[in-house]
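What follows is a single structure, written as structure tokens, with notes after it.
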Amino acid sequence: MRVPRFVLFSCFLLALTTPAFAEPLAKSLFGAKTTGSQQAAAPFGSYAKGCVAGAVQLPESGPTWQAMRLSRNRNWGHPETIDYIKKLSTFARNQRGWSGLYIGDISQPRGGPMLSGHRSHQIGLDIDIWMLPANNLNLSRKHRENISSISMRRSKGAFVNSNWTPQHHAILRAAAKDKRTARIFVFPGAKVQMCKDEKGNRKWLRKIRPWYGHHYHFHVRLKCPRGMKGCVNQAAPPKGDGCADAQKWVNDILSPPPPKPRDPNAPKPKPRREYVLSDLPKQCRSVLQSQ
């Protein structure tokens with residue numbers, strides 16, 4: 001007995017929708033890579049949708065830094081990022097009470113979506129830097145898994161607490177003044193405090209952006225390196241020092257605005273779909289396939 005063609009075609013379509021034919025999640029593919037690709041260094045895509053070729057691993061320990069949470073294997077970045085860390089940590093070493101910096105997540109060995117945590121940090125140009133003063137650069141691997149940073153916030157982020165010091169201000173200022181920096185995310189109260197305390201040139205404050213969380217660490221985002229055509233920069237921060245905007249964040253924390261009326265007829269928001277490899281820039285396939 002011959003099976004009609006339309007039945008065979010229907011079965012084929014059904015098979016394509018089964019897990020066996022489903023494209024694996026990009027985070028699983030990139031999360032499985034343990035080393036960088038043997039390619040010229042290049043970020044592809046945007047900070048939250050891309051990958052990085054030829055990433056360099058930040059050494060676990062250096063004269064002015066230690067990489068934290070080594071089990072995550074997220075101490076990889078574009079060579080510019082690694083150079084930036086070394087330069088900023090050298091500055092930090094000269095601050096009272098600091099011997100350098102504790103470095104949190106940068107990127108996975110080939111960037112891409114992470115198995116857990118961040119949406120960004122995908123192209124080797126994002127760096128989490130702990131607020132905890134790095135006064136001991138001889139921490140063991142085990143200690144670096146268990147130690148925690150310290151919070152700088154008070155009143156849900158409206159103000160800094162007693163852990164905040166002039167040295168934090170100085171390190172963030174140095175981080176922002178580097179021409180490679182696109183923006184730095186930190187909790188609103190810290191930005192407002194820096195706006196109050198800064199007595200010199202205030203141009204660098206434009207790069208300090210208030211954002212949710214970010215009171216145990218600050219998040220540096222670098223610009224796409226010059227000549228990297230496959231890299232997509234985030235739009236520049238609005239002109240000005242951004243202090244009025246940060247103050248509004250603080251005001252909203254202290255006196256939350258009333259919630260917007262809910263439209264009963266509005267469709268339910270769709271959950272964010274996780275990326276598969278075909279969602280990412282086409283170069284990311286070769287980044288995965290490279291030795």
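The values are calculated or read from the model by the stated rules, or taken from the named source; none is laboratory data. Everything numeric in this text was worked out from a predicted model, so none of it was measured. Using ideal geometry, Cβ is built from the backbone for each residue, glycine included, and neighbour counts are taken over all protein chains shown.
Worth pointing out:
Condition check ((1) buried (at least 20 other Cβ atoms within 10 Å of the Cβ); (2) touching a His at 6+ places or on another chain (Cβ under 8 Å); (3) under 25 Å from H169 (Cβ atoms)) across all residues:
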residue: W98; (1), (2), (3): yes, no, yes
residue: I103; (1), (2), (3): yes, no, yes
residue: S107; (1), (2), (3): yes, yes, no
residue: L115; (1), (2), (3): no, no, no
residue: L125; (1), (2), (3): yes, yes, yes
residue: L132; (1), (2), (3): no, no, yes
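- Evaluation of I129 against (1) of a type in the set (A, V, I, L, M, F, W, C); (2) in a loop (DSSP other than H, G, I, E, B); (3) under 20 Å from the mean Cα position of the chain (by Cα) (one fails), failing number: (2)
- Matching residues, the range 176-210, being in a helix (DSSP H, G or I), buried (at least 17 other Cβ atoms within 10 Å of the Cβ) and out of contact with any Ser or Thr (no Cβ under 6 Å at 6 or more places or on another chain): A176, P188, G189, A190, K191, V192, Q193, M194, C195, W204, L205, R206
- Test for L139: is it touching a strand residue (DSSP E or B) at 6+ places or on another chain (Cβ under 7 Å), part of a loop (DSSP other than H, G, I, E, B) and modelled with pLDDT of 95 or more: yes
- Scanning the range 152-162 for residues that are assigned to a loop (DSSP other than H, G, I, E, B) and buried (at least 16 other Cβ atoms within 10 Å of the Cβ) yields M152, A158.
- Total residues in the range 118-142, condition among the hydroxyl-bearing types (S, T, Y) and in contact with a Ser or Thr (Cβ under 9 Å, 6 or more places away or on another chain): 1
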